[in-house]
Amino acid sequence: MSETSAYAVSGKRKMMRLAFNDTVDQATYRWFLQQRGSNTPISGEFLKIQALKFNEAYLSDGIGGSPDFKWSAGWLQKFKERHGIRGLSVQGEILSANPPAVDPFLNKLEEIIADGELSREQIYNCDETGLYWKVLPHRTLVGPKEKTAPGQKKSTERLTLLATANATGSHKLPLVLIGKSKNPRCFKNINMAALPVIYRSQKNAWMNGEIFSDWFYKNFVPAVRNHQGQKSLPEKAILLLDNTPSHPEAEQMTSDDGEVRCVFLPPNTTPLLQPMDQGILETTKRIYRKNLIEKIISSDSEDTAAGIVDFIKSLNLKDAVYMSAAAWDAVKASTISKCWKKLKLGPEIADEERSEDDAIQQDEEVVALVHQLPDSSECSTDKIQEWMECDKEVGI
């Protein structure tokens, strides 16, 4: 691959170096494309192992390869940059999706929108996601001479966030944040109505039908009517959501006048259609983690790993509330609008190329911030990426 073609693929503004072993590089990239063509999830570790296999095979056959080939995290990062690959960790949910249900639903949605004479301002989506709100990249807690961090385990303190926005991104409702505690100590003497999120509690910190129904009637419907009134639009809307046990039946989720109602997505189409699942929730959590690192850096913690541990221990639910709200506020309307494109509602506000550049810049900023933490030199970009996606395993 020439330097010019490397530039064209990666989209970087600076010239990319050629691969140390171009034969292995090209074989690995072709293998990657073949696997993704069949929707096979590929992690960074799988990619590095496959590159090593190619190198060993080419050496054995005498047609290429190199005895000095290294399949390090640095190699992986450069490989991703050369070929414009982002986020090698792919959620398995897409593999159990239901593509045949997509077109019939889109036709049905088109009819609903036409019958109701709805604009993009009046079409909403909501979805839940789990957030490990105290987790840090593991290597940031390990000194340069340590192999492990004795006594330090991954925090399993989790919250559920419900995010809701319309198709233009002009109306983002406050997050619903669900924790385990009904009356957290850190909320003592605080006016709960003044919080920047809607706080609810459930013993496992999950969404359930009672919480969702209460939110729909007391928060969503009034907020929608107010927004549409400000836009001089009829006070009506639809809310698209996935069909899960934590959501009441769609027929139950209708305003008294029938003008604001829920529409369920077909089963197993969340990764194919749901706007929140196309990057909105992920962007919110990435910004949250960026805010978390900035908070650590600007704190009075000692410049040691122990200081970071003490800081994380002192972090409370009130901190998580305000950082989550700030992260949601920072999600751009253009980012939200872009994530609705699979529903084919018409022209998006977003310039896709610009939004992709913003995402890359955001990741680079997070990596730079993590490396400002003490003893983080061994925390590779790949590991930081894994940390930013650490709660993808939280199914809701």
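A compact table of results
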| item | result |
| --- | --- |
| Solvent-accessible surface (1.4 angstrom probe) belonging to E111, in square angstrom, nearest 10 | 120 Å² |
| Relative contact order of region 166-246, defined on C-alpha pairs under 8 angstrom at six or more residues apart (%) | 28 percent |
| Cα shape, region 155-273, gyration tensor, a/c 1.5 rule | oblate |
| Shape call, region 183-253: gyration tensor on alpha carbons, a/c limit 1.5 | oblate |
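The values are calculated or read from the model by the stated rules, or taken from the named source; none is laboratory data. Since the model is a prediction, treat every value here as computed from it, not as a measurement. Please note that ligands, DNA and RNA were not included when accessible areas were found on the heavy atoms of the full protein model with its side chains. Shrake-Rupley method; radii C 1.70, N 1.55, O 1.52, S 1.80 Å.
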